[in-house]
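Enquirer: For reference, the structure I am asking about is given below.
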Amino acid sequence: MNEKLGTGGLILNEPLLWHKGKKGRIGMSIPASDVPAAAIAEELLGNGVDFPDLSEVDVVRHYTRLSQWNFGVDTGMYPLGSCTMKYNPKTNERQAATPEIAGAHPMLADALCQGTLQILYELQQYLATITGLDAVSLQPAAGAHGELTGMLIFHAWHRSHGAQRHKILIPDTAHGTNPASAALCGYKSVPIPSDEQGMLDPALVAALMDEDTAGIMLTNPNTLGLFEEHILEIAKIVHAKGGLVYGDGANMNAVLGVIDAKKCGIDVLHLNLHKTFSTPHGGGGPGAGPVCVTRELAPFLPVPRVVKEGAIYRLEHDRPQSVGRIHGFHGNFGILVRAYSYILTMGEAGLKKASQLAVLNANYIKEQLKTVLHLPYDRPCMHECVFSDLWQQEYKISTVDMAKRLIDCGYHPPTIYFPLIVHGAMMIEPTETECKDDIDQFIDTVKTMVQEAAEQPELLRQAPQRTKVRRLDEVQAARCPCLIGPTGDDQ
């Protein structure tokens with residue numbers, strides 16, 4: 001490869017606004033107030049807030065320059081494993097920004113917001129059809145929030161059967177938020193190690209499943225990018241002991257239109273709309289984590305839910321067994337609209353094709369890179385593949401060195417050091433939105449980087465060099481964060 005994607009560029013310095021402002025600058029003019037200042041305002045503000053004085057051009061250039069330091073799916077390939085950072089079609093943004101939709105007040109009476117309620121109702125129906133489950137709540141605001149809701153449903157279901165349980169089984173290939181969500185509901189997590197193939201062993205599940213265990217939380221495909229082949233057998237074991245099966249659906253981008261969650265034995269499943277259904281995420285939000293359940297668990301879903309009676313849509317609150325409201329109003333509505341738009345745009349065939357291409361792209365990368373990077377589980381993967389730094393250790397190069405070097409080469413690094421069961425893990429998820437040309441360029445870049453690790457290891461140890469900020473002392477940064485920004489030339 002003669003030229004890397006990231007060959008350098010114009011990097012503009014940008015001070016903090018407090019350093020940039022000058023007394024007397026103004027960015028807008030408003031009429032003079034003819035209302036006396038209220039005494040209470042002075043009491044609340046004290047001596048006043050020291051906001052900088054800025055012109056309009058100061059503000060516009062400041063935030064434009066900050067945006068140019070950033071990297072996202074609109075900039076280039078974002079192979080962040082386990083996160084499904086795929087390109088977001090702009091038509092979804094346009095639908096969510098429609099004034100009649102974006103401007104609807106969430107406290108309007110049902111009769112005055114029939115259109116928005118119809119969107120919510122139909123999205124519930126679409127997600128139920130896609131997963132094969134029977135009922136859906138759109139309230140959860142993120143994947144982990146969906147997990148928490150699922151655990152609350154577990155708790156409510158067992159309570160309704162008069163026998164509360166205290167443990168939950170969680171595989172070592174599950175997402176890290178699973179045990180946290182279970183703990184918030186008072187459950188003790190019981191870890192299940194995967195076998196040498198990266199799979200759950202049904203015999204081990206049977207040995208751990210008892211009458212004090214509420215059920216199992218499993219991610220499928222799991223965080224190794226592998227489909228849990230024994231899921232039906234595992235579900236039967238858990239159900240036979242009176243437990244429930246929770247499916248972490250964060251990796252559903254691999255199996256849309258391919259699997260039926262209900263036929264797999266799953267009772268509760270959350271979906272990450274901000275991953276699988278192509279809505280923006282990152283930086284802490286926004287997100288949406290709807291929960292889908294079997295008919296038996298529908299009474300426990302959060303309220304209110306949108307129901308349809310004849311041609312009328314309304315919010316139903318009267319559900320005595322419900323776990324209650326778990327989010328203000330109806331969830332993150334703008335994200336729900338984007339997902340609704342995505343589903344209508346793609347259709348059944350398009351959603352299935354997206355998953356097929358996501359799996360194809362990941363397996364192509366796996367096959368192309370397994371000659372230069374150690375592949376702990378050499379078997380067909382789903383939407384992501386996991387490598388390690390084992391072969392680079394002889395040159396004293398670690399996974400983080402390779403991740404930093406990829407930044408210099410113009411790529412956002414993949415997920416590193418996760419899943420924890422793979423030492424020095426590097427998890428790559430290309431998604432379906434990357435074409436073969438761009439994937440080939442990424443593969444060539446990784447191969448060049450691996451060659452550099454052997455011949456010029458200092459390039460990797462000193463990376464990144466072409467960024468606004470050089471490599472940080474990440475341990476120090478986590479323990480003693482600097483919250484006021486860099487000073488002078490000290491980067």
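Enquirer: Filtering the range 396-412 down to residues that are at pLDDT 95 or above and in a helix (DSSP H, G or I), which residue is nearest to residue 469 (Cα to Cα)?
Expert: 404
Enquirer: Condition first: touching a Leu at 6+ places or on another chain (Cβ under 7 Å) and charged (D, E, K, R). Now tell me which residues in the range 405-424 satisfy that.
Expert: Matches in the range 405-424: 405 only.
Enquirer: Output the qualifying pairs, or none if there are none: Cβ atoms under 6 angstrom, residues six or more apart or on different chains, first residue in the range 413-425 and in a loop (DSSP other than H, G, I, E, B), second residue open to solvent by 60 Å² or more (accessible area, probe 1.4 Å).
Expert: Filtered contacts from the range 413-425: 425/417.
Enquirer: Separate question: Out of 215, 225, 257, I need the residue that is over 20 Å from residue 172 (Cβ atoms) and not assigned by TED's automatic domain parsing to the domain that holds residue 355. Which one? Quick ask: steps written out before the conclusion?
Expert: Details: 215 fails: over 20 Å from residue 172 (Cβ atoms); 225 fails: over 20 Å from residue 172 (Cβ atoms).
Of the residues listed, the single one that is over 20 Å from residue 172 (Cβ atoms) and not assigned by TED's automatic domain parsing to the domain that holds residue 355 is 257.
Enquirer: Right, something else. I'm trying to understand the selection: among the residues of the range 146-187, which are β-branched (Val, Ile, Thr) and closer than 21 Å to residue 228 by Cα?
Expert: 168, 170, 173, 177
Enquirer: Here is a further query. Which residues, counting only those in the range 194-205, are out of contact with any Ser or Thr (no Cβ under 9 Å at 6 or more places or on another chain) and either in a loop (DSSP other than H, G, I, E, B) or surrounded by fewer than 16 Cβ atoms within 10 Å (Cβ to Cβ) (or both)?
Expert: Hits for the range 194-205 are 195, 196, 197, 203.
Enquirer: Answer with yes or no whether residue 70 is among the polar types (S, T, N, Q), surrounded by 14 or more Cβ atoms within 10 Å (Cβ to Cβ) and at pLDDT below 90.
Expert: no
Enquirer: Please specify each residue of the range 418-436 satisfying the condition of being closer than 18 Å to residue 372 by Cα and open to solvent by 20 Å² or more (accessible area, probe 1.4 Å).
Expert: 423
Enquirer: So, in the range 312-331, of the ones that are open to solvent by 80 Å² or more (accessible area, probe 1.4 Å) and in a loop (DSSP other than H, G, I, E, B), which residue ends up farthest from residue 107 (Cα to Cα)? Walk me through how you get there before you give the answer.
Expert: Taking the range 312-331 first, the residues open to solvent by 80 Å² or more (accessible area, probe 1.4 Å) are 312, 317-318, 320-321, 325, 329.
Now restrict to residues that are in a loop (DSSP other than H, G, I, E, B): 317-318, 320-321, 325, 329.
On the way: 317: 14, 318: 18, 320: 23, 321: 24, 325: 15, 329: 8 Å.
Among those that are open to solvent by 80 Å² or more (accessible area, probe 1.4 Å) and in a loop (DSSP other than H, G, I, E, B), it is 321.
Enquirer: When the residues of the range 141-190 are narrowed to those that are touching a Leu at 6+ places or on another chain (Cβ under 9 Å) and among the aromatic types (Phe, Trp, Tyr), which ends up surrounded by the most Cβ atoms within 10 Å (Cβ to Cβ)?
Expert: Among those residues, the one meeting the criterion is 154.
Enquirer: Between 396, 353, 370, 366, which is crowded, with 22+ Cβ neighbours inside 10 Å and basic (Lys, Arg)?
Expert: Working: 396 fails: crowded, with 22+ Cβ neighbours inside 10 Å; 353 fails: crowded, with 22+ Cβ neighbours inside 10 Å; 370 fails: crowded, with 22+ Cβ neighbours inside 10 Å.
From the options 396, 353, 370, 366, the qualifying one is 366.
Enquirer: Report, ordered by the first and then the second residue, all pairs with beta carbons closer than 9 Å, sequence separation of six or more or different chains, a first member in the range 179-205 that is at positive phi, and a second member that is among the aromatic types (Phe, Trp, Tyr).
Expert: 198/377
Enquirer: Here's another thing I want to ask about it. For the range 441-473, give me each residue that is in contact (Cβ under 8 Å) with a residue 24 or more places away in the chain, charged (D, E, K, R) and not in a loop (DSSP other than H, G, I, E, B).
Expert: 444, 447, 452, 461
Enquirer: Could you give me the residue pairs with C-beta distances under 7 Å whose first residue belongs to the range 94-119 and is closer than 12 Å to residue 337 by Cα, whose second residue is in a loop (DSSP other than H, G, I, E, B) wherever it lies, and which are 6+ apart or on separate chains?
Expert: Qualifying pairs under 7 Å: 116/104.
Enquirer: Quick check: is even one residue across the range 173-192 closer than 30 Å to residue 334 by Cα, among the β-branched types (Val, Ile, Thr), in a helix (DSSP H, G or I) and not assigned by TED's automatic domain parsing to the domain that holds residue 360?
Expert: For the range 173-192, residues closer than 30 Å to residue 334 by Cα, among the β-branched types (Val, Ile, Thr), in a helix (DSSP H, G or I) and not assigned by TED's automatic domain parsing to the domain that holds residue 360: present.
Enquirer: Let me ask another. How many residues are open to solvent by less than 20 Å² (accessible area, probe 1.4 Å) and under 13 Å from residue 333 (Cβ atoms) when one looks only at the range 92-112?
Expert: Adding up the residues that qualify gives 1.
Let's see how each residue does on (1) in contact (Cβ under 8 Å) with a residue 40 or more places away in the chain; (2) β-branched (Val, Ile, Thr); (3) touching an Asp or Glu at 6+ places or on another chain (Cβ under 8 Å); (4) closer than 30 Å to residue 366 by Cα:
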site	(1), (2), (3), (4)
55	no, no, no, no
60	no, yes, no, no
65	yes, no, yes, no
68	yes, no, no, no
78	yes, no, no, yes
85	yes, no, yes, yes
89	yes, no, no, yes
92	yes, no, no, no
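The values are calculated or read from the model by the stated rules, or taken from the named source; none is laboratory data. All values derive from a computational prediction rather than experimental measurement. Glycine gets a Cβ as well: all are built from the backbone with ideal geometry, and neighbour counts include every protein chain shown. The area values use the complete protein model at the heavy-atom level, side chains included, leaving out ligands, DNA and RNA. Shrake-Rupley method; radii C 1.70, N 1.55, O 1.52, S 1.80 Å.
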